[in-house]
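See structure below.
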Amino acid sequence: MSVEPPDRATVVAAIMPDVLSIRLDVAEDDVGFARLVSEDGGTCAGLFVAKELFARVGARTRPLVAEGDVVGPADPVADVGGPLAAIRGAAPLALTWLQRLSAVASGASPPQPGDALEAWAARLSAPGAVGHDGPSFRVEFEG
């Protein structure tokens, strides 16, 4: 299902407190590659938020699935490249947002009232299994 995501200003306003909390290991200047991978199946939502988070710390993201696509265990959902310190610093927040919005999109969690990003994710909603917490994701680093 294709539903236009919220505009960039809405995304930036939602993630800015998280971005300001990122602490990077500035001593590390290695450049590398990582992949965001689904651990459990469900509807993938929030890649545009992860992309904005990584961009704010200087890393590039290439989604491998579309917003609202159903993913299974071990499915890659995005590639991330750039400074490894930036990727490591932003990855926990990106995963949190992916899991939060994917849980709403998968029907495992209701959207919070007044939350524009969760309201968007709810429009992608697919029925979730009873007792299912929604998809989860991990980061795999190259090498």
_Solvent-accessible ranking of Phe33, Phe54, Phe48, largest area first, probe 1.4 Å_ = Phe33, Phe48, Phe54
*Per-residue accessible area for Arg123 at 1.4 Å probe radius, Å² rounded to 10?*
130 Å²
*Residue order for Glu140, Glu4, Glu52 - accessible surface, 1.4 angstrom probe, largest first*: Glu4, Glu140, Glu52
*Fully extended, how many nm does the chain gain between Arg60 and Asp29 (0.36 nm per residue separation, minus their Cα-Cα distance)?*
9.6 nm
*the chain: angle of helix 47-56 to the longest principal axis, Cα-based, in degrees nearest 10*: 20 degrees
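Is the shape of the range 1-99 rounded, prolate or oblate, going by the alpha carbon gyration tensor and its root eigenvalues a ≥ b ≥ c, with a/c under 1.5 for rounded and a/b larger than b/c for prolate? Mind showing how you got there, number by number?
On the way: a/c = 2.12, a/b = 1.33, b/c = 1.59.
Oblate shape, in that a/c is at least 1.5 and b/c is the bigger or equal ratio.
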*Taking H placed 1.01 Å from N in the peptide plane, check which residues at least 5 places from Leu64 or on another chain put their amide H under 5 Å from its amide H.*
Ala78, Asp79
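The values are calculated or read from the model by the stated rules, or taken from the named source; none is laboratory data. No experiment lies behind these values; they were computed from the predicted model shown. Surface accessibility is based on the protein's heavy atoms, side chains included, excluding ligands, DNA and RNA. Shrake-Rupley method; radii C 1.70, N 1.55, O 1.52, S 1.80 Å.
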